[in-house]
Amino acid sequence: MRRPLLFAWIAASAGVLIGAHLAVAEGPGPLEAAKKVDALLAQELFQSAGGASAELAPRTDDETFLRRVTLDLTGTLPSPGDVTAFALDRSPDKRAAVVDRLLADSNFGRNWARYWRDVILYRRNDERALLAARAVETYLTEKFNADAPWDAIARSFVTATGDVREEGRTAIVMAQMGDVNDVTSEMSRILLGVQIQCAQCHDHPTDRWKRQQFHELAAFFPRVQLRRRNGAGMLSFEVASFDDARRRRPQGMVGARGELEHYMPDLNDPTAQGTLMTPRLFLSGQQLAEGETDLERRQALANWMTDAKNPWFAKAFVNRIWAELVGEGFYEPVDDLGPDRKCSAPAAMEELAGQFAARQFDVKWLFQTIVATEAYQRESRPRRNPDQTPFTANCSQRLRSDQIYDALYSALGGGAVAMSGPRQRPAGPYGLGGPRALFGAVFGYDPSDRREEISGSIPQALLLMNSPLVNQAIHARRPDNDLGRLLAETRDDDDMTGELYLRCLAREPNDKELAACRDYVGRVGDRAEAYEDIFWALVNSAEFLHRN
């Protein structure tokens, strides 16, 4: 077939990004904070003592800025109409306006709910943890769209109770099936960015954390109960508290050892009860008296962890969001922070995290600020070598599985009916059936992993190249497909090529691409077949699968 040659050519032509200031609210706000962060990055990284400056990538153009910011904030592609309107808009604050519009879009909450769903559930210790997937996605979607502060969301994860199918805040506990040590490790990693789990069995080899400090943190969680529930023919679990030593542990209890207090195991005698631990937060030394109830312990811990005086809480969230938007965190990996870890730009990080805390952990403020920075708005470049200066360019990001699926659905338009498939009982990753589950299984990855460790695979290529879901959706002669309608309505080949590029890549084709597609249509002789191949090549291109 001719497709591989056309695919190779289109995949090689990738758009690049440039950037510009975003005008935002008057007074101290995102734009002013962004300028301060850029100035600190320049001082720390880009200007040497001798006066020489690092070579910085230029700002992105409007088309690729719009695609980048739309994918980053909402996980979707801008429509062809949006791209055209944005290009024609001459107002100086149009970038600020589009950011405000995207943050108000319900897809903002959904996109970032799916990100945190993956953060929480990718490191699950039991497949049954996926019972909580729908609930946590729904919960976080509502919270992010309502602009709930991050500290309130985090506290709800620490203090959660309820049915895991209904209460999304139970997801961290459910992901670890209530196991005290695993819940302890993940609460620290996800909410504080500190990986203290290595201190579970011995003093941490590369951090200052001691074994005793891990088990003092674990002492906040021994009374967390995870119990099986069966109703209406569906298996579920409930997170609850168990505080009465006179009662027997309920039948169906999982992930707990049965004590009301936590004991640090005796490594010399595993059969011994071990050392009784006092609940104490290792970062601050704050502690509770022994014998406090489960909810008293977890509420105290939640308040101490999210206190504005605890710098690691704000830094953990800022580092993740910065890494997702700019392409590299101040700390790498994004979930391994701490006083013994190296930060690539400590002054800029302190400024951004400090302002985030001062603004009461306003999530949308943080997004507005980061996308207003020059660091965000520079053209994308390949990942740097360790000896190169960070943040001189944005970095291309591979789309997450939900983003790829939604981009395909958007690009294929009416042809996406074929992708929706028959209604199925919930199955597959995150309790979803049908094509989205398939894309999740093939394209999914742990957002906490280093991006250089995430690469394409043969199953991914085969799913897009050979899948009936895609091939049926681009079949020009199917009456329910947009491609056939577009071909009938658009007789000019250059206009048709432009429409497909706008749908798939959110940009106009350049002169070289137009000429190549024009030549290809002429050589094939069958206009419908030629544009099926062009459409197929675009959705299989590297540019389609990445946000540049």
>> What would the Debye equation give as log₁₀ I(q)/I(0) for segment 261-416 at q = 0.12 Å⁻¹, counting only Cα atoms as equal point scatterers?
In response: -0.74
> Mind listing the phi-derived Karplus ³J(HN,Hα) values for segment 285-300, rounded to whole Hz, using 6.51, -1.76 and 1.60 with θ = phi - 60°, and x for any glycine or proline?
Replying inline: x, 5, 9, 10, 6, 5, x, 5, 5, 4, 5, 5, 5, 5, 5, 4
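Report the relative contact order of the chain, percent, no decimals, based on alpha-carbon pairs under 8 angstrom and at least 6 residues apart. Don't skip to the answer; put the middle values down first.
On the way: 953 pairs, mean separation 111.2, N = 548.
Over the chain, the number comes to 20 percent.
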> log₁₀ I(q)/I(0) of segment 120-305 at q = 0.08, 0.15 Å⁻¹, via Debye over equal Cα point scatterers, no solvent, to two decimals?
Replying inline: -0.25, -0.88
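Taking 0.36 nm per residue of separation and subtracting the Cα-Cα distance, what length does fully extending residue 147 through residue 546 add?
Length difference between fully extended and current span is 140.9 nm.
Give me 463, 71 sorted ascending by neighbouring Cβ count inside 10 Å, so fewest comes first. Don't skip to the end; give the middle numbers.
Working: 463 19, 71 24.
By the 10 Å Cβ count, ascending: 463, 71.
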> So who's got an amide H within less than 5 Å of the one on residue 229, skipping anything under 5 residues away but keeping other chains? H placed 1.01 Å off N, in plane.
Replying inline: 236, 237, 238
> What angle do you read, to the nearest 10 degrees and between 0 and 90, between the alpha-carbon axis of helix 311-326 and the longest principal axis of the chain?
Replying inline: 20 degrees
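To the nearest whole percent, what portion of all C-alpha pairs in the chain is separated by more than 47 angstrom?
Numbers: 26675 of 149878 pairs.
When every Cα pair of the chain is considered, 18 percent fall beyond 47 Å.
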>> Averaged across orientations, what area in nm² does the convex hull of the alpha carbons in segment 401-547 project?
In response: 9.5 nm²
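Order of 302-311, 127-136 by packing, highest average Cβ count within 10 Å first? List each step's numbers first, then the result.
Numbers: 302-311: 18.2, 127-136: 21.2.
Highest to lowest by the protection proxy: 127-136, 302-311.
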> If the chain between residue 43 and residue 101 were fully stretched, how many nm would it gain, using 0.36 nm times the residue separation less the Cα-Cα distance?
Replying inline: 17.6 nm
>> I need the phi-derived Karplus couplings for segment 157-169: 6.51 cos²θ - 1.76 cosθ + 1.60, θ = phi - 60°, integer Hz, Gly and Pro marked x.
In response: 5, 6, 9, 4, 9, x, 5, 5, 7, 10, 10, x, 5
>> Under 5 Å between amide hydrogens, which residues at least 5 positions from residue 396 or on another chain qualify, with H placed 1.01 Å from N in the peptide plane?
In response: 381
> If you average over every viewing direction, what projected area does the convex hull of the Cα atoms of segment 491-548 give, in nm²?
Replying inline: 3.8 nm²
> Label residue 526 and residue 261 with points 7 Å out from Cα along Cα→Cβ: what is the distance between them in nm?
Replying inline: 7.9 nm
> What ³J(HN,Hα) values, in whole Hz, does the Karplus curve 6.51 cos²θ - 1.76 cosθ + 1.60 give for segment 184-191 when θ = phi - 60°, with x put for Gly and Pro?
Replying inline: 4, 4, 6, 4, 5, 5, 6, 8
> Which Rg and Dmax, in Å, describe the Cα atoms of segment 344-404?
Replying inline: 13.9, 36
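For residue 228 and residue 519 in one chain, what is 0.36 nm times their gap in residues minus the Cα-Cα distance, to one decimal in nm?
On the way: separation 291, 0.36 × 291 = 104.76 nm, distance 6.35 nm.
Taking residue 228 through residue 519 to full extension adds about 98.4 nm, to one decimal.
Taking the highest mean first, how do the peptides 466-472, 327-333, 317-323, 344-350 order by number of other beta carbon atoms within 10 angstrom per residue?
317-323, 327-333, 344-350, 466-472
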> Taking R0 as 41 Å, what's the FRET efficiency between residue 243 and residue 454 from their Cβ-Cβ distance, rounded to 0.05?
Replying inline: 0.40
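Only the coordinates and a few stated rules stand behind these numbers; no lab work does. Since the structure is predicted, the reported quantities are computational estimates derived from the model, not experimental observations. Please note: Cβ atoms are built from the backbone with ideal geometry, for glycine as well, and neighbour counts cover all protein chains shown.
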